[in-house]
Structures are given as C-alpha cells and as structure tokens.
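Worksheet for the structure shown next.
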C-alpha cells in the first residue's frame, strides 16, 4: 500500500484518475491548485488506485491523504 | 488632484498605492476579501470595505462588489493595481460609465493590447518589430501544425488573451507542438475565457527587456528607461534590474523609440510597459506584449529616476500634467528587484502558511514593498508574492553587494520562501557577470 499525500494547502482542481485504475509510477492522479499554480499529484509507484480520498473543489491541508495505491 | 481613490487590489501593491495617497493627501479606500482582513493594506487605508469570500471571482474580480464599495465609500476614482481587473477593458468602461475616474489607460487601449494577435498586427503596422508569427487565431491542432511549418521550429505557443506566462510553452517539433497546443488551449479557456491561440517564432537565447512608458495629457508619450526581466521561472519574473546589463546605448535608443511608437499607436495615457524579447546573438529585438497598467517591477524605475510612478498615474487620471518635465529625466545608478515568493527555493512549488517571523532589511539604498507582516497568514487563493526587495546604488557591483546583505538580513519564517534562491542567484557567475538570458534560472536549478 502506498499513500499519496498533499504537499501543501491547495484546492483540488481536477480529479484525473478513477478508483480501480491501473496506474504507473509518474501518472497524474489529481491536479491541485494553489497560488495560481496547477500542481499535478503523481503516483509514486505502479499499482491499482484503491481509493481516492478527495473530490474536485475540496480543500486539502499539507499532509492530507489524497490517494491510496495497492 | 483626486479627492479619493479606491484601490481594487490587495497585498503589496495595494499597500504601495496607499503609501502614495497618504503622501499626496488623497483619501484611500481599500477593498478586501475575507482571507485578507488582517493584512497591512487593510489597516493602512483610510477606510476598508469587505467585498466577499476568498476566491478572486467572488471578491477582487467581482466588478459589482467593487463598484458597490466605491458607492458606499463615496470614492471618486478606482486604481486597479496589476492583475485582477487592471487589464479588463469592460471593467474600465464600467468605471467610466459610473462617472468615476479610472486610474489607467483608455479602455480602448486596453482592448487593443489585450488580444495579443491584434496587438502584434497593430505593432507591425506601426513599425515596431514583431517576431514571425500568427496574424489570425489558430483554432485547431492541424492549423497549428501548418502554421508552425510556415514559421519554422522552434515555435512558442500561447494564449491570445493570456498573460503571466500561463499556458505558454515552446515546441521544437510536430510532436511537442501537439502537446503544447492542447495545454495552451485548455489553460486559455480556463484562465482567460478564450481558446484563441497564437504561434510565434521562438528565440533560443533571449533577454526579456521592457520599456516603461508614460502617456501624458498633452498627447505625448515619454519613455522612462528599460528594465531587464530575464530572470524567470515558469515564464514568470523573479528578479529585475535597470539599466539592463545586456543593452548597449545604441540598442537602448532603438528600444525606447520602439516603446514610444507602441504607446503612440494606441493613444496611450498613464503608465504602461512595452515588453520586448532581445535576441542575444543577433542583437535584435521584437515586440512581445504591452501591459496596460502599473507593472510589478516598477520600483526599480522609481529608484533610478526618483519619479513616483503612482503619483503620475493619479495626476494623469485627474487631467493634470506630470510632476516631472520629460527633458529633465535622469537615470541615476543601478537598481534591482528581487521578488520574495512563498514557495520552496528548489522546485518553486507554492508554500502557503502562517508567518511566524518577519524582519525585513532596511537602510540606505534598500526599499522593501511588503504585503505581509508577522502574524499574517499566506493563503492559497492568490499569487505567492510576499514582498519585493529592491536595492539602489551607484554601480551594478555595489547594488549586487547591497542585495547580498539585504537577502541575508531578511528573516522570514513560516511559509518556505525563495530567499535562498536569490542568495544563489546573487553568487552565480552568469547573473553576477550580467551576461545572462531567460535560461539563467534553469541553469541554477537543473
């Protein structure tokens, strides 16, 4: 199990991946927006996207769980 | 002179504009979103009106809320600062229709320069050099490929209605072009509400040099020197200086002349900036765009000329002559600006957060335009600019020395900042030598 967490306070602009997707290392899962910048959140290992913990429009704090890859 | 001014902006620029209103005895009105209630600009204004929740669309971009705030505070003029509504011709028109004074250029000049394709065509007709590129919007990927073939790779792909480097990227071949085109189109729609794209010949070793102009009420346009803005990350400026170390006296003369011609072509009034790309190898420049507003980096021009550009904006908006005579403008010494951003100094990713310590440098030759102070919270809703650290000295070497000391003396804790990047920049061979181009940041952060 790998956990993908937010690196900063941000708004979730776009959810790119869907739960159940097979993802590769480096695939974009969601795109955050902070300070007028888009920040893609990437899978850090290959696997199945077991759970997405955020939806579009959510506000995430630094360290918040974004996705779980199994 | 104007009796009162509403400042339709936030952070450092709102505070800087309010500083001039105080000096001139103009009543100032700040507007602020819920996220900004504790910032210094709100407290320093004579009056402050809340205009809505944190997202810009519901506050600083909400024209109705701003006009209502002007009504409520009986402000007679609106200064838009930069960003937000400053280059929105419809808003400028609305301000005038409400019988308020617009501290900015005629709405028509904003409109003509706002569309980059139109601006390019207009400049070409006025005899200002433009890069080979689109004369009409590029609407689909196939058209983009054909256009790139005509222009020749590498090409720059950007939003016609855009600015701030958003959605802009270079393509070296057909495959990269496809990606660049899609990115530009998505961002153009999202950020600027128009999918129109333009392609331009990309210059590989370029300096970004801009000319500060001022359109006066007698119809003349004055050029107040150039600024070098080649230190950029993600096509956004990080540090600026004047004079440009890459511009010879002869080249400067042609640049200033082209800046004047650009302003005259649109009947410009007030403060504006004409941006050029200078091909380092060929020593030729082309028109990039015109910013029809006060520029972020205007302080370096103020430091070497001794002219308060915001004061000139107020005078011109009030129908009065400028406070200086164009033939007496002198450029004294060298000035640099370093933008202090709330971002990590290596990857340049945003870093909002609470500011626990803020001790800024002070002393002769140092100017800090700050938007925040200790105890404030930097929120993710707006750009990451915390402060502009500016230095002024007789020579560039002295100014660099002063800047090194000032960067080291700036104590800021809470959000990560790019101050360590500025320290690196100030000791890098390329920057210190003055012989650098827009790739200087990439060279320092490979």
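Divide, for chain A, the radius of gyration over alpha carbons by 2.2 N^0.38 Å, where N is the residue count.
Details: Rg = 10.9 Å, N = 70, 2.2 N^0.38 = 11.1 Å.
With N residues counted in chain A, Rg over 2.2 N^0.38 Å equals 0.98.
Working out 0.36 nm times the residue gap between residue B:140 and residue B:430, then minus their Cα-Cα distance, what length gain in nm do you get to one decimal?
Values: separation 290, 0.36 × 290 = 104.40 nm, distance 3.97 nm.
Going from the current span to full extension adds 100.4 nm.
Based only on other Cβ atoms within 10 Å, what is the fewest-to-most ordering of B:351, B:323, B:194? The partial results should precede the final answer.
Numbers: B:351 24, B:323 12, B:194 15.
Ascending number of Cβ neighbours within 10 Å: B:323, B:194, B:351.
As a test of understanding, state the convex hull volume per residue of the protein assembly as shown from its alpha carbons, in Å³.
Details: hull volume 74.3 nm³, N = 516.
Dividing the Cα hull volume of the protein assembly as shown by its residue count gives 144 Å³.
So what is the orientation-averaged projected area of region B:206-444, using the convex hull of its C-alpha atoms, in nm²? Kindly include the intermediate steps, with their values, before the conclusion.
Working: hull surface 51.6 nm².
Computed as one quarter of the Cα hull surface, the answer is 12.9 nm².
Compute the relative contact order of region A:12-53 as a whole-number percentage, counting only Cα pairs closer than 8 Å that sit 6 or more residues apart in sequence. Walk me through the numbers on the way to the answer.
Numbers: 80 pairs, mean separation 18.6, N = 42.
Computed over region A:12-53, the figure is 44 percent.
Highest mean first, what order results for B:288-300, A:52-64, B:56-68, B:156-168 on Cβ atoms within 10 Å?
Numbers: B:288-300: 25.1, A:52-64: 14.5, B:56-68: 18.1, B:156-168: 21.8.
Top to bottom by mean Cβ count within 10 Å: B:288-300, B:156-168, B:56-68, A:52-64.
Can you bin region B:74-160 into rounded, prolate or oblate? Criterion: square roots of the alpha carbon gyration tensor eigenvalues sorted a ≥ b ≥ c, rounded for a/c under 1.5, prolate for a/b above b/c, oblate for the rest.
prolate
Anyone know which of B:401, B:83, B:104 comes out most mobile in the 10 Å Cα GNM of chain B?
Highest fluctuation among the options: B:401.
Please give the average number of partner chain Cβ atoms lying within 10 Å of the Cβ of each residue in B:343-353, rounded to a whole number.
On the way: counts 4, 2, 0, 0, 2, 1, 8, 11, 6, 7, 3.
Mean partner shielding for this stretch: 4.
Over the Cα atoms of region B:4-103, Rg to Rh with Kirkwood Rh, two decimal places? Mind showing how you got there, number by number?
On the way: Rg = 11.9 Å, Rh = 13.0 Å.
Across region B:4-103, the Cα-based Rg/Rh ratio is 0.92.
Cut-off 10 angstrom, C-alpha nodes, Gaussian network model of chain B. Which of B:218, B:332, B:38 fluctuates the most?
The residue with the greatest mean-square fluctuation here is B:218.
In whole Å and largest first, what semi-axes does the C-alpha gyration tensor of chain B yield when each eigenvalue is scaled by 5 and square-rooted?
On the way: eigenvalues 186, 139, 112 Å².
Ellipsoid semi-axes (Å, largest first): 30, 26, 24.
May I have the pair-distance distribution P(r) for region B:132-201, computed from all Cα-Cα distances with 10 Å bins from 0 and rounded to whole percent?
The distribution over region B:132-201 is 25, 60, 14, given as percents.
Residues of A:10-19, mean number of Cβ from any other protein chain within 10 Å of their own Cβ, rounded to a whole number? Before the final figure, lay out the partial values.
On the way: counts 4, 3, 0, 1, 1, 0, 0, 0, 0, 0.
Going residue by residue through A:10-19 and averaging, the value is 1.
Which of B:84, B:181 has the fewest other C-beta atoms within 10 Å, and how do the rest follow up to the most?
On the way: B:84 21, B:181 25.
With the fewest neighbours first, B:84, B:181 line up as B:84, B:181.
Restricting to DSSP H runs of at least four residues, report the calculated mean residue ellipticity at 222 nm for the protein assembly as shown, -39500 (n - 2.57) per run over all residues, nearest 500 deg cm²/dmol.
Values: 15 runs with 152 residues, N = 516.
That comes out to -8500 deg cm²/dmol.
Given a Förster radius of 22 Å and the C-beta distance between residue B:175 and residue A:21 as r, what FRET efficiency does 1/(1 + (r/R0)^6) yield to the nearest 0.05? Before the final figure, lay out each step's value.
On the way: r = 25 Å, r/R0 = 1.15.
After rounding, the FRET efficiency stands at 0.30.
Which whole-number percentage describes the relative contact order of region B:212-307, with Cα contacts under 8 Å and a sequence gap of 6 or more? Don't jump to the answer; show the numbers that get you there.
On the way: 148 pairs, mean separation 28.9, N = 96.
Averaging sequence separation for qualifying contacts and normalising by length gives 30 percent for region B:212-307.
Every read-out reported here was derived from the displayed coordinates using simple, explicitly stated rules and does not represent laboratory data. Because the structure is a prediction, the values reported are computed rather than measured. Neighbour counts are summed over all protein chains in view; Cβ atoms, including those assigned to glycine, are modelled from backbone coordinates with ideal geometry.
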